[in-house]
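Below is one structure, written out as structure tokens, with a few remarks after it.
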Amino acid sequence: GIQVEQSPPDLILQEGANSTLRCNFSDSVNNLQWFHQNPWGQLINLFYIPSGTKQNGRLSATTVATERYSLLYISSSQTTDSGVYFCAVEHPAGTALIFGKGTTLSVSS
Amino acid sequence: GAGVSQTPSNKVTEKGKYVELRCDPISGHTALYWYRQSLGQGPEFLIYFQGTGAADDSGLPNDRFFAVRPEGSVSTLKIQRTERGDSAVYLCASSSTGSTEAFFGQGTRLTVV
């Protein structure tokens, strides 16, 4: 099946810093989503981005489908950005999302 | 409803007991998914419904796990003879017809003691 690798596994930042999270996947996809899992366990949708670039406030994401990777950019990080960021993909022949292991982000003030 | 709703939020049960976990998807969403998330891991797929039928149950770990969606809306995940290894957060997601974007509920944290 399709493999999803996220890097780095852990990231520690000072408030105000910028960061880039990466997601590599092993096959073509028809769905790629970035999620933020908050301390209460809720998966919050950040981006639905099987290809192209999107921006939402301080966050933006780019997926280069032909090279099988996606990047999530967080600018001017805040303590509330802390948590686990997951990338999940779906193969065109698949029926569900396959998740990476996540990147744990800790932002300190 | 406005979002995917799961009940209960937390469930503690004794080894060997039977449990039911409920998922109420976003109104009108035809696709419904169950996932399981163990500590420190990403969610793992269990079963997918399209309408009332289970279109893919390849992620169910064994025959103690079963799920239904009799009217194409609410779904119930049923676990028989629970084991301590079943302890995890069970997540439900739904998506609308023609879209693959999934929206998740807050999960049910199951603890088997």
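The values are calculated or read from the model by the stated rules, or taken from the named source; none is laboratory data. Bear in mind the structure is a predicted one, so any value in this text is a computation, not a measurement. Cβ: placed from backbone, ideal geometry, glycine included. Neighbour counts: every protein chain shown.
Screening A:VAL29, A:VAL84 for residues that are surrounded by 14 or more Cβ atoms within 10 Å (Cβ to Cβ), within 11 Å of another protein chain (Cβ to nearest Cβ) and either modelled with pLDDT under 95 or not in a strand (DSSP E or B) (or both) leaves exactly one candidate, A:VAL29.
Return the residue satisfying two criteria in turn: it lies in the range B:99-113 and is more than 7 Å from chain A (Cβ to nearest Cβ) and of a type in the set (A, V, I, L, M), and of such residues it is farthest from the chain's Cα centre (by Cα). Applying the filter and picking the extreme gives B:VAL113.
Among all residues of the range A:39-50, there is at least one that is more than 17 Å from B:GLY42 (Cβ to Cβ) and aliphatic (A, V, I, L, M). For the range B:31-46, the condition of being among the small types (Gly, Ala, Ser), more than 10 Å from chain A (Cβ to nearest Cβ) and farther than 20 Å from A:LEU97 by Cα holds for none of the residues. Residue by residue through the range B:18-68, note down the ones that are among the polar types (S, T, N, Q) and either part of a loop (DSSP other than H, G, I, E, B) or in contact (Cβ under 8 Å) with a residue 24 or more places away in the chain (or both). Residues satisfying the conditions are B:SER27, B:THR30, B:GLN37, B:SER38, B:GLN41, B:THR52, B:SER58, B:ASN62. Looking only at residues of the range A:12-26 that are touching a residue at least 60 places away in the same chain (Cβ under 8 Å) and part of a strand (DSSP E or B), we find that the one that is farthest from the other protein chains (Cβ to nearest Cβ) is A:GLN14.
Report, by residue number, each residue of the range A:43-81 that is in contact with a helix residue (DSSP H, G or I) (Cβ under 9 Å, 6 or more places away or on another chain), surrounded by fewer than 16 Cβ atoms within 10 Å (Cβ to Cβ) and closer than 17 Å to B:GLU101 by Cα.
Once the filter is applied, which keeps residues that are in contact with a helix residue (DSSP H, G or I) (Cβ under 9 Å, 6 or more places away or on another chain), surrounded by fewer than 16 Cβ atoms within 10 Å (Cβ to Cβ) and closer than 17 Å to B:GLU101 by Cα, the range A:43-81 yields A:SER51, A:GLY52.
Scanning the range A:32-67 for residues that are assigned to a loop (DSSP other than H, G, I, E, B), under 16 Å from A:PHE86 (Cα atoms) and out of contact with any Leu (no Cβ under 7 Å at 6 or more places or on another chain) yields A:ASN38, A:PRO39, A:TRP40, A:GLY41, A:GLN42. Taking the criterion of being of a type in the set (Gly, Ala, Ser), within 23 Å of A:LEU46 (Cβ to Cβ) and surrounded by 19 or more Cβ atoms within 10 Å (Cβ to Cβ), the residues of the range B:72-108 that qualify are B:ALA93, B:SER94, B:SER95, B:ALA102, B:GLY105, B:GLY107.
Looking only at the range A:91-109, filter to residues that are surrounded by fewer than 22 Cβ atoms within 10 Å (Cβ to Cβ) and modelled with pLDDT under 95; which one of those is nearest to the other protein chains (Cβ to nearest Cβ)? My answer is A:THR95. Just name the residue that is surrounded by the fewest Cβ atoms within 10 Å (Cβ to Cβ) out of those in the range B:47-71 that are of a type outside the set (D, E, K, R), away from every other protein chain (no Cβ under 11 Å) and under 14 Å from the mean Cα position of the chain (by Cα). So, considering only residues that are of a type outside the set (D, E, K, R), away from every other protein chain (no Cβ under 11 Å) and under 14 Å from the mean Cα position of the chain (by Cα), the one surrounded by the fewest Cβ atoms within 10 Å (Cβ to Cβ) is B:PRO61.
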